[in-house]
Amino acid sequence: MDSTTRARLSRIAHRHHPISAPLSDESVAVLLGRAIVTGRERVLDLGCGEAAWLLRALAAHPELTADGVDTDAGSLTLAREAAERLGVVRRLGLHHRPAAEFAGPHQYDLVLCVGATHAFDGLLPALAAARRHLAPGGRVLVGEGYWQREPDRAALDGFGGAAREDFDELPALVDRLLADGWTPTAGHQSTQAELDDYEWCWTGSLADWALDHPSDPLAPHATELARDHRAGWLHGYRGAFGFVTLLLRPTE
């Protein structure tokens, strides 16, 4: 499956859950409330997708400006259209390129990378990139997976053939951040309800779309992806995989 097809399937999967992470609207609002201090920040989202975080921040804070970076042109088009509807498009820059290659026009008061650390091959490389973009006194909001319990073979296989070392348990994850020069100042562990809602939305959106578009060449792929993902979740990693979103400040 090529990258264009994968990107289209991802957009379909997130139709009913625009935040591409297992977080409720209330949790997103609380995290943004902690991360945005003055309402005049410059904000950068590395791996922004349809820029759902940025759009919410821009709509709530009329003096805030933002940039989003993503490799999926289709998601960026949807982000721009949504920004136009909200009347915030003049305060939003969208950049079609790999997040690791982005060189911003200035430093940022808040850098987001929620559920997109894979674009940098891991959590610490993502934070190293965020640090390069960060203005003095700035903050980073990062979202990352972790093991809630020791994963068995069913959990690893269900998560696409993951390895045990792909994720830490939460205490080890936080210890790594502290050792890397970051101080957590707020955090949210996604509840089981948030994790389940995300999975039902993800798989359900794909299945629903395939049933509504049976003649589309993509429909069989959407059906298969929804079926395999649902099985891997329910019979495998549900209860083993968790997700934490942390607000970080540089220790030094």
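List of remarks:
- Segment 50-135 - Debye-derived log10 I(q)/I(0), Cα point model, q = 0.14 Å⁻¹: -0.47
- Whole-number percent relative contact order across the chain, with pairs defined as alpha carbons under 8 Å at least 6 apart: 23 percent
- All-pairs Cα distance distribution in segment 178-221, expressed in whole percent, bin size 10 Å: 23, 25, 21, 17, 13, 1
- Under 11 Å, Cβ to Cβ, from V69 - net charge with Lys/Arg +1 and Asp/Glu -1: -4
- Annotation: per residue accessible area for the chain equals 48 Å², rounded to a whole number [probe 1.4 Å, protein chains only].
- More than 18 angstrom apart: percent of Cα pairs within segment 11-81: 36 percent
- Accessible area of the chain belonging to carbon and sulfur atoms, whole % at 1.4 Å probe: 51 percent
- Estimated FRET transfer efficiency (R227, E63; beta-carbon r; R0 35 Å; 0.05): 0.15
- For the chain, share of DSSP beta bridges that run antiparallel, in % to the nearest 5: 45 percent
- Kirkwood hydrodynamic radius over Cα pairs of segment 84-134, then Stokes diffusion coefficient at 25 °C and 0.890 mPa s, in µm²/s: 200 µm²/s
- Equivalent-ellipsoid semi-axes for the chain (Cα gyration tensor, √(5λ), whole Å, largest first): 28, 24, 15.
The values are calculated or read from the model by the stated rules, or taken from the named source; none is laboratory data. Not measured: the values here are computed from a predicted model. FYI the Cβ positions are ideal-geometry reconstructions off the backbone, even for glycines, and counts take in every protein chain you see. Note: accessible area is taken over every heavy atom of the protein model, side chains too, but ligands, DNA and RNA are not part of it. Shrake-Rupley method; radii C 1.70, N 1.55, O 1.52, S 1.80 Å.
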